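Every number in this text was worked out from the coordinates using simple rules, so none of it is lab data. This one's a predicted model, so the numbers in the text were calculated from it and none came from an experiment. When we count neighbours, we look across all protein chains shown, and the Cβ atoms used for this are built from the backbone with ideal geometry, even at glycine.
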C-alpha cells in the first residue's frame, strides 16, 4: 500500500524540476540578473507612448485571462446543470416506466378491467382487502369528518366490540386517499378502485426514483441509478409485495422510507452546499414523520437505522452536528406522530425513543469519549455502547411499567421460541413461527439473487467498502481528524460517510433478513442500489488499485502510476456496468416482456359464490366466523361484521382467531358451540383447504398447531401420540348426525366452503 508520503515526495520532485527549468529559461545565476538589469537601464530611456502601449497590452492580457476564467467557470456550471437535468429526467422516467409496468402486469395477471367489483376486491389477497373496505366507507360517508368519526367508533367490524379502526389498523393511507379522491374531482372520471391502485403504484414509482437517487448520489453517475432500477425490477419477487397485496401497510410506507434514505444519503455527504443540506434535512424530516404515521411498525425500522447512525457517531465517521440534527428529526417525528395517532402508547415505549434518550444521556456523561490514544478510545467506546444499551433497556422497562402498555409478552415469547431460548405448546407463538414472513429464507432467495448477478457483485463491493471502512475507523481511533473531503486519487472510499452508512445499513438489515424472510423487502432494494453504486464508482476501483500497487516504486513513477490507475478506474467504472447491463438485457428483458404478454387468469368462483350468498341470504345483523384471511375478504365484499381481523400484532384479535380455529381441532360440538357463541357468531365458515391442509413444513398446519396446543397430540423423540376423545370437528360436522346437528345447521356449501348457522336454540334430535 502506498502512503501519503509517496505522493508528497512525488510532488516535491516535480516542484524541483519545475524550479530548475524556470531558472534555465530565465538565465543562469547572477550574470543573467546583471544582463536583465542592464537591459532595463537601456530601455529606461523609452518614450511615454511606448510605456502607454505596454500598459495597454498588459491590461488587455489581464482582461483576457479573467474572461477566459469566467468562461471556464460558466462551462463547468453549464456541464453540471446538463448532467443534473439528464439524471433527474432519467430518474423520473424510470419511476414512470416502473409504474406503467406494474399497472400492465396487474391487469394481465387478474384481468382487472373485465371483472365485476366484487371479483376485483377478491384479488386483494391475504386479508389485505380489509383496508380497502375502509377506503370505500370513507367515500360513501356524507362528509370527511363524519367518516373519520364513524371509524374512530366502529362497532360494525368486530362483533361485540367498539374499536378505533383508524388507530388499530393504521388507516391514515385510506383517509388521505379518500380525501384526495374527493378533492381532485375524480368521481366522474375514474373508478374508486382504480384511483386507489393508481396511488399505490405511483408511490412505487417514487420508491424506484429514490433508489435511483441513492446510487446516483454515491457514485456520481446516473448510470448507477439505471442499473439499480434494473436489478430492482428483475428481482421483483424479493423486493416488493405490491403485486398480490396492494393495500398492505408496507406498500404505502416503504416509498417514504426510501425517500428518507435518499435524503439521509445526501445529508451525510461532505460535498454538498448549505442550501442542499437544508433541503435534505427538511425532506428527511417530512418523510420520517410520514413513514411513522403510515406504518405502525415504522419506528422499529427507524430503530435499526438509529443503531447504524450510533455506530457511525461512535467511530467519529460523521460530524457530531449532523448526528444531533438527525436525532432532532427522530424525536420531533415521534412526538408529532404520538399526538396525531391518538396518543398511541406504543410510540413512547418504542425502542427508537429509548435509543435517543440513552444516546443523549451517554453523550452528556462521556463528553471526552473521542479523545485520547487508541487503547483509551477503545475502552471508552465499549463503555459508551454498554451505557447506551443498558440505559435504553432501563428506560423502556420503566415506560412500560408507568404507561398502560401491554400485549408485548407474546412477542417476547415468540422471539424466545424463534431463537431457541424456550419452547412452548401455545398456539399463538407457534402460529407466528409458521408464518412465511417470520421464517428464515430458503436457498431459493440466494439462487435468484445470484442468477440476476446482484449477489456476487454485492459481495465484492461490500468487501472493498467494508475493508476501507475498517481502515477509516482505525485512523479515527488513532487520532486522525475527520477529513472534509476525499479526492478520488486518494482511494479512500471508506472515508465517505454516505458510503459507510449504506455499508452498515445493508449489513444490519441483511442480518435481520437472514432471520425473518419478511425483512428481505427492507434489504434487497438497498442491495441493488448499493451494488450499482459500487460497480459504477471510479473511486472504488481506485481504492482497489491503490491496495495492489507496490510500495517500492520511485515517487515520480508512482505518481504516474496513480494517474494511470485513475484512468483505468474510469474505464472500468464504465465498462463493467455496460457489460452487466448488456447481460441483464439479453437474459431478463425477454422474461419481463413475457410477463406482460402471457395470459394469466386469477379466478375463484367458489369465493365469488360464497360472497354472493352472504349478500343475498344473510341477515343484516349476522356475524361470521372463519379464518382471519377469509374474514378480511368477507368484510370488504359484503360489509358484514366478523369475529376477528387479519392482524398479527393485536393479542386480543389473535386470541379470537384461536377460538375460531377450534373448528379444525379435535373438539366436541358443545365446546366449539360455546366458543363461537361467546363471540356472538351467527355463521361459521369451514374451509376445505384448512380442514384437509397439506404443508411442506412439519407441524405448521393449523390443525397440527391446535392439536399440539390442546394436548391432543404429543411429539416425543420423533414419535406421535394422540390423546383425543373426539374426532376432528370439521370432518365430523359434515356427517350431519347428532350432536353436531343439534348445535349447527348447514345452509350453504360448495367445493371450497361449508357454511353452518350457529343455532340460537339448541334442538336435541337423535
message: Can you classify region 414-550 as rounded, prolate or oblate using the Cα gyration tensor, where a ≥ b ≥ c are the square roots of its eigenvalues, rounded means a/c under 1.5, and otherwise it's prolate if a/b beats b/c and oblate if not?
response: prolate
message: I'd like the antiparallel share, as a percent to the nearest 5, of DSSP beta bridges with both residues in region 605-758.
response: 80
statement: By the Cα gyration tensor axes a ≥ b ≥ c (a/c under 1.5 gives rounded; else a/b larger than b/c gives prolate, otherwise oblate), the shape of region 605-758 is prolate
task: Whole Å is fine, so just give me how far the alpha carbon centre of region 162-210 lies from that of region 227-286.
output: 19
message: Give me 186, 627 sorted ascending by neighbouring Cβ count inside 10 Å, so fewest comes first.
response: 186, 627
field: R0 of 56 Å, Cβ-Cβ distance residue 609-residue 275: FRET efficiency to nearest 0.05
entry: 0.35
statement: Sorted on mean Cβ neighbours within 10 Å (highest first), peptides 143-150, 526-533 come out as 526-533, 143-150
- prompt: Between residue 340 and residue 677, 0.36 nm times their residue separation minus their Cα-Cα distance comes to what?
  reply: 117.6 nm
- prompt: Taking the simple approach of a point 7 Å from Cα along Cα-to-Cβ for both residue 73 and residue 695, what is their distance in nm?
  reply: 7.0
statement: Distance in Å, no decimals, from the C-alpha centre of region 115-155 to the one of region 616-648 is 13
- prompt: How far apart, in nm, are the 7 Å Cα→Cβ label points at residue 724 and residue 423?
  reply: 2.2
query: Hey, what did region 605-758 get for relative contact order, percent, Cα under 8 Å, at least 6 apart?
result: 25
- request: Evaluate E = 1/(1 + (r/R0)^6) for residue 478 and residue 389, where r is the Cβ-Cβ distance and R0 equals 30 Å; express this FRET efficiency to the nearest 0.05.
  value: 0.70
Separation of alpha-carbon centers, region 350-397 and region 441-471, rounded to whole Å: 32
statement: The exposure ranking of 72, 332, fewest beta-carbon neighbours within 10 Å first, is 72, 332
- line: Nearest-0.05 FRET efficiency for residue 180 and residue 378 at R0 = 51 Å, using Cβ-Cβ distance, is 0.45
